[in-house]
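> Okay, here's the structure, questions in a sec.
The values are calculated or read from the model by the stated rules, or taken from the named source; none is laboratory data. Values in this document were obtained by computation on a predicted structure and should not be read as measured data. Positions of Cβ are generated from backbone atoms using ideal geometry, with glycine treated the same way; all protein chains shown enter the neighbour counts. The protein model used for the area step is the full one, side chains on, heavy atoms only, and it has no ligands, DNA or RNA in it. Shrake-Rupley method; radii C 1.70, N 1.55, O 1.52, S 1.80 Å.
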Amino acid sequence: MLRTSRPLALAATRQRPIPIIGRGIFSKEPPQRPPPAYPGHIPLNWFEKAFLAVGSAVVGIANLRRGDLVAALGDTTAGPALPRLRDVMLSDPEGRRILRDRPRINSSTVDMVWLATLPDNTFGRAYVRWLERCGVTPDTREPVHYVDDPELAYIMQRYRDCHDFYHTICSLPVSVTYEVALKFFEFANLGLPVAGLSAMFGPLRLNATQQKRLVTEYVPWALRCGSTSKNLIGVYWEERWEMDVDELKKELGIWDPPPAIWPKKLTEAARAKKADAMAEGRDVEV
Amino acid sequence: MHARIIRSATRTQFLRGSSLIHARYNHSAPPPAPNNNDTTHFGYRTVPKEEKEALVKDVFSSVAKSYDLMNDAMSLGVHRLWKNQFVSLLDPGSNGPIKCVDAAGGSGDISLRILDHAREKYADRETQVTVTDINPNMLNEGRRRFKKTMYYNTPQVNFQVADAQALDKEVFPDNAFDLYTIAFGIRNCTSIPDVLNEAYRVLKPGGTFACLEFGKVENPLMASVYESYSFSIIPLLGTILASDRASYQYLVESIQRFPTQGDFAQMIRDAGFQTGEDREGEGGSWRDLWMGIASVHTGVKI
C-alpha cells in the first residue's frame with residue numbers, strides 16, 4: 001500500500017502511560033498526563049478509556065439526548081477500525097485529498113446560502129433541504145477528545161461531520177428508528193464499533209411497532225446497501241455539491257430505503273439561530 | 001467539480017466552548033513555582049486573584065443543577081455520612097436555640113441537617129440558620145431543597161447571596177452568630193485568611209467556627225488509591241453524568257492544593273480562634289473522617 005509521506009510531527013508518539021494505582025506510594029507529585037496531541041485532546045489510560053466506554057454507553061442509551069456520550073463511546077471503542085479506515089482513504093486519490101486538506105463541516109466552512117441557491121436535484125440543495133426539514137444544524141457535533149493519534153482523530157471527526165450527509169443521501173430523518181437504521185448502514189459500510197453498538201442497543205429504545213418496521217424494512221436495506229456501496233469515508237462531499245443526487249447515488253452504489261415517515265422538526269437549528277441573534281443584539285424572529 | 005467553501009478550512013479545528021475550558025482539560029503539571037502577591041491558584045493553574053472568583057463562579061454555575069447527583073456519584077454516597085457526622089459533632093441546640101450562618105452553603109445540606117438535628121433531638125424550633133453562598137444558582141438549588149421541607153418561609157431559615165471573604169456588615173453584624181459552618185467551600189475561596197477573619201468577626205464570643213473540608217490522607221496505600229480515584233474516576237464521572245470534565249478536574253485539583261490539616265488548623269488559630277491541641281482526634285484541633293479524606297476543623301472565639 002503506497003503511503004504518502006507525512007511529517008513525523010503529526011504522528012502522535014505514545015508517551016509515558018498514566019499508571020493507575022501505586023504511584024502515590026512512591027512520588028509526592030500528582031498524576032502527570034502526556035501533553036495533548038491536538039486541541040481538545042484528553043489523553044486517557046486504558047482503564048479510564050474502558051470506564052468511559054462503559055459509562056457513556058450506559059448513560060448514553062438511557063438518555064438519548066447525550067450526543068456527547070455517543071461521541072465519547074465512539075472515540076474510546078474505535079480501536080483498529082480507524083487505522084483501517086485510514087488505509088481505505090489512502091488507497092483512493094479522493095481519500096488522500098481529504099486527509100491532506102482535512103476539511104471540517106460546519107456553518108462557517110460550508111456556504112449554506114450558496115447551497116440553497118443550487119438547482120433542485122443537486123446534492124448541495126438536497127443537503128440544505130434535509131437540514132431545514134429536520135430542524136438541525138451541522139454545528140452541534142462534539143469534537144473528538146479521546147483518540148490519541150491526531151490523524152485518526154481527524155478521521156473520527158470526519159466520520160461524525162459526514163453523518164448528516166449519509167442521512168441526506170439515504171433520505172432518512174433524525175428520529176430514533178431511522179438513526180438506528182443508519183447505524184446499521186454505517187456499521188456495514190465503515191465497520192466502526194460504535195455504529196455496531198448503537199445498532200445493537202438502539203432498538204431497545206423503540207416500541208414494538210417501530211422495532212418491527214425497523215427489522216423488516218430498514219435493516220435488510222441498510223446491511224445490503226451499506227456493504228455493497230463504496231466506503232463513504234473516502235468521499236470528498238465538498239467537491240460534489242453541484243453533482244446531481246441520482247448520479248451521486250449511482251456512483252456510490254446507494255439506493256433508496258423504504259419511504260420514511262418524517263417527524264416534526266427538532267428545535268436545534270431554531271435555538272441556534274435564536275442564540276446567535278440574541279448574542280448580536282438583534283430582534284429574534286421566531 | 002469545484003468545492004465552494006467560504007473560508008479555507010484546512011486544518012482548522014473548531015474548539016467547543018471557550019479556550020479557558022480547553023486549557024483546563026489537560027493540565028497535568030504539579031503546582032508551579034511560588035506565586036507573587038497578585039496571583040493565586042485555581043486547581044493547578046496560576047491565575048490573577050481577581051480572576052479566581054469568576055472562574056470558581058463559572059464552575060459552580062455549571063455544576064449547580066447536578067451538584068447532588070455528582071456528590072453522590074463521586075463519593076458513592078459517603079458525603080452524607082460525613083455531613084451527618086459533622087452536624088452530630090457540633091450538636092446544635094444542645095445549649096438552647098442558636099443563630100447559625102452556613103457559608104458556601106448553597107445546596108442547603110448542612111443547614112437542613114442543623115435544623116433537623118435541633119428539632120429532633122432538642123425539640124428546638126427557634127434555632128435559625130442563614131444560608132449564604134456567593135453563587136446565586138447554588139443558592140437557588142438550596143431554596144428549592146428547603147421548599148420541600150417545613151422550614152421554608154419560617155424565621156428558621158433565610159437565604160443571602162454573600163461573599164464569605166467580605167460579609168455585608170448590615171446583614172452580618174459583628175458578634176451576631178453562635179455557630180459558623182462552612183462545608184466543602186473554603187478551598188474555593190481566594191483568600192482563606194479573609195474568610196477566617198470574617199468568621200471571627202461575626203461570631204459571638206464563645207461562638208464556634210466549624211469547617212468540614214477535604215484533607216490530606218497520610219496512609220500511603222489509601223493515599224494512592226484515593227489519588228488514582230480522584231484523578232481518573234472523578235473527571236470521568238463529570239464527563240458522563242454532567243457533561244463537564246473541566247469543572248470536576250478543577251474540584252479534584254483544588255482538593256490537592258488545599259493546606260494540610262495541621263497547616264489549616266494553624267491558620268484558624270492565626271485568625272484568633274482557640275482550637276484544641278495541635279493534633280488530630282478527640283481534644284485536638286481537627287477530626288479526620290475516613291482516614292483524612294475529609295476532616296472537621298473547629299475553633300472557638302474567646
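> What Kirkwood radius, in Å to one decimal, follows from the Cα pairs of chain B? Could the numbers behind the result be given before it?
Values: mean 1/r = 0.0491 Å⁻¹.
Answer for chain B: a Kirkwood hydrodynamic radius of 20.4 Å.
> Using Cα pairs closer than 8 Å and at least 6 residues apart in sequence, work out the relative contact order for region B:145-302, in percent. Don't skip to the answer; put the middle values down first.
Working: 225 pairs, mean separation 38.5, N = 158.
Once divided by the residue count of region B:145-302, the mean separation gives 24 percent.
> If A:Val144, B:Val300 are ordered by their accessible area, calculated over protein heavy atoms with a 1.4 Å probe, which sequence runs from highest to lowest? Intermediate results must be reported in sequence, preceding the final value.
Working: A:Val144 5, B:Val300 55 Å².
Ranked list, largest accessible area first: B:Val300, A:Val144.
> Pull up the cross-link candidates among the lysines for A:Lys265, meaning alpha carbon to alpha carbon under 17 Å and not fewer than 8 places away within one chain.
Once the sequence-local lysines are set aside, what remains near A:Lys265 is A:Lys273, A:Lys274.
> Something else about it: On a 0 to 90 degree scale, rounded to 10, what angle separates helix B:78-90 from the longest Cα axis of chain B?
30
> In addition: Give the accessible area for B:Arg144 in Å² (nearest 10); use a 1.4 Å probe, count only protein heavy atoms, and leave out ligands, DNA and RNA.
140
> Please state, rounded to one decimal and in Å, the Kirkwood hydrodynamic radius that the protein assembly as shown gives when every pair of distinct Cα atoms enters the mean of 1/r.
Working: mean 1/r = 0.0369 Å⁻¹.
Every distinct Cα pair counted, the radius reaches 27.1 Å.
> For region A:79-279, compute Rg over Rh where Rg is the Cα radius of gyration and Rh is the Kirkwood radius from the inverse mean 1/r over Cα pairs. Each step should come with its number before you reach the end.
Details: Rg = 16.7 Å, Rh = 17.6 Å.
Rounded to two decimals, Rg/Rh equals 0.95.
> Could you pull the accessible area for B:Lys99 with a 1.4 Å probe, rounded to 10 Å²?
80
> Just by accessible area at a 1.4 angstrom probe, what is the order of B:Asp58, A:Asp149 from largest to smallest?
On the way: B:Asp58 85, A:Asp149 35 Å².
Result, largest first: B:Asp58, A:Asp149.
> What pairs in B:Lys83/B:Lys216; B:Lys169/B:Lys204; B:Lys169/B:Lys301; B:Lys52/B:Lys83; B:Lys99/B:Lys147; B:Lys99/B:Lys169 have C-alpha atoms more than 23 Å from each other? Could the numbers behind the result be given before it?
Numbers: B:Lys83/B:Lys216 18 Å; B:Lys169/B:Lys204 14 Å; B:Lys169/B:Lys301 18 Å; B:Lys52/B:Lys83 27 Å; B:Lys99/B:Lys147 20 Å; B:Lys99/B:Lys169 16 Å.
Where the Cα-Cα span goes over 23 Å, the pairs concerned are B:Lys52/B:Lys83.
> Just by accessible area at a 1.4 angstrom probe, what is the order of B:Asp288, A:Asp246 from largest to smallest?
On the way: B:Asp288 55, A:Asp246 85 Å².
Result of the area sort, largest leading: A:Asp246, B:Asp288.
> Okay, next question. With a Förster radius of 45 Å, plug the Cβ-Cβ distance of B:Asp72 and B:Asn197 into 1/(1 + (r/R0)^6) and report the FRET value to the nearest 0.05.
Details: r = 34 Å, r/R0 = 0.75.
Once rounded, the FRET efficiency stands at 0.85.
> Taking every residue in A:46-59, how many Cβ atoms of other protein chains lie within 10 Å of its Cβ, on average? Let's see the in-between values first.
Numbers: counts 0, 4, 5, 1, 0, 5, 6, 0, 1, 6, 3, 1, 1, 4.
The per-residue average across the peptide is 3.
> OK, next. Quick one: how many Å² of B:Met150 are accessible to a 1.4 Å probe, rounded to 10?
90
> Between B:Ile302 and B:Glu120, how many nm apart are label points set 7 Å from Cα along the C-beta direction?
Spacing of the two 7 Å Cα→Cβ label points: 3.7 nm.
> Return one number: the angle in degrees, 0 to 90 and rounded to the nearest 10, between the long axis of the Cα atoms of helix B:245-257 and the longest principal axis of the Cα atoms of chain B.
Relative to chain B, helix B:245-257 is tipped by roughly 50 degrees.
> When we measure straight from the Cα of B:Lys49, which lysines land under 18 angstrom away, once same-chain ones fewer than 8 places off are left out?
B:Lys57
> Go ahead and collect, in residue order, the members of region B:211-230 whose backbone nitrogen is under 18 Å from a label point 7 Å along the Cα-Cβ direction of A:Ala50.
B:225, B:228-230
> Note the full-extension length gain between A:Trp262 and A:Ala62 as 0.36 nm times their separation in residues minus their Cα-Cα distance, in nm to one decimal. Mind showing how you got there, number by number?
Values: separation 200, 0.36 × 200 = 72.00 nm, distance 2.37 nm.
Net length gain for the segment: 69.6 nm.
> Relative contact order, percent, of region A:79-279 when contacts are C-alpha pairs under 8 Å separated by at least 6 residues? Spell out each step's value before the answer.
Numbers: 225 pairs, mean separation 60.3, N = 201.
It comes to 30 percent, rounded to a whole number.
> Which part of region B:65-105 falls in the paramagnetic zone of B:Lys147, meaning amide N under 20 Å from the point 7 Å along Cα-to-beta-carbon?
Output list for this probe position: B:65-69, B:105.
> Any chance you could check the Cα centroid distance between region A:47-74 and region B:73-124 for me, in angstrom?
The distance from the Cα centre of region A:47-74 to that of region B:73-124 comes to 36 Å.
> May I have the convex hull volume per residue, in Å³, for the Cα set of region A:176-260?
On the way: hull volume 8.0 nm³, N = 85.
So the per-residue hull volume is 94 Å³.
> Compute the FRET efficiency between B:Lys65 and B:Arg269 as 1/(1 + (r/R0)^6), taking r as their Cβ-Cβ distance and R0 = 45 Å, and round to the nearest 0.05. Don't jump to the answer; show the numbers that get you there.
Numbers: r = 38 Å, r/R0 = 0.85.
Calculated value: 0.75.
> For chain A, what is the mean residue ellipticity at 222 nm derived from helices alone (per DSSP H run of n ≥ 4: -39500 (n - 2.57); sum divided by total residues; nearest 500 deg cm²/dmol)? It would help to have the intermediate numbers written out before the result.
Values: 14 runs with 150 residues, N = 286.
For chain A, the value works out to -15500 deg cm²/dmol.
> Hey, another quick one. So, R0 is 22 Å and r is the distance between the beta-carbons of A:Trp255 and A:Asn121; what FRET efficiency does that work out to, to 0.05? Walk me through the numbers before you get to the answer.
Values: r = 16 Å, r/R0 = 0.74.
According to the calculation, E is roughly 0.85.
> Helix A:219-228 sits at what angle to the longest principal axis of chain A, using alpha carbons and giving 0 to 90 degrees rounded to 10?
On a 0 to 90 degree scale, this one is about 70.
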